[in-house]
Amino acid sequence: MGKLRDCTSIPSGKTGGKVTTMNRQAVLCATLTLCCVGLLVVTGCDEGSGASALTASDDANTTLMPIQTPRVPLEDVPIPVGFDLDERRSRYFAPGNMRFVDHFYKGSLDRAKVLAFYRQEMTYAGWERVDERTSVGGTVLMEFDNGIERCEITLSKSSSLFKPTELHIMLWTAR
């Protein structure tokens, strides 16, 4: 029987064709493994399908993500930590005693968790949920009322790899 040698101990220039091919295959395999692990780390693991997770029932005892410090013009609408305002697409105006807000946010949190967040936190902020609909594509539209204003929150999948959830918040004076 021949003696086995570690590929790393073979002096350079003295490798045979088979050893070089093995080295290339090992490097390719290691590179693919690292890419797959990196992709899993970046995108995360989602339990179940997105559509079924978005229709989960309310759980008042669930610990949810923290809220960002309230900012004008949405000081009474909670925004989860980890969501960034898309200033290029967002706008608002407040003539007199009225308010109109049209804001877009992107974040890295799972849509089902964001949905549960709004079901709970909007109630704490003084809003009553009036309606909630889920489209075939998994986009969720939630409507809230506080007696003076209406607020629509749309949760959808974004095209961003690192911020896969998009929030669209529209608020207007209704009375």
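Read-outs throughout are calculated quantities, based only on the coordinates presented, and are distinct from any laboratory measurement. Quantities reported herein were computed from a predicted structural model and do not represent experimental measurements. Virtual Cβ from ideal backbone geometry, glycine too; neighbours counted across all protein chains shown.
One table, with the values for the structure above:
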| item | result |
| --- | --- |
| Column: log10 I(q)/I(0), Debye, Cα scatterers of region 50-173, q = 0.14, 0.18, 0.21 Å⁻¹ | -0.57, -0.97, -1.35 |
| Label-to-label distance, nm, for residues given as Phe162 and Glu132 (7 Å Cα→Cβ offset) | 3.1 |
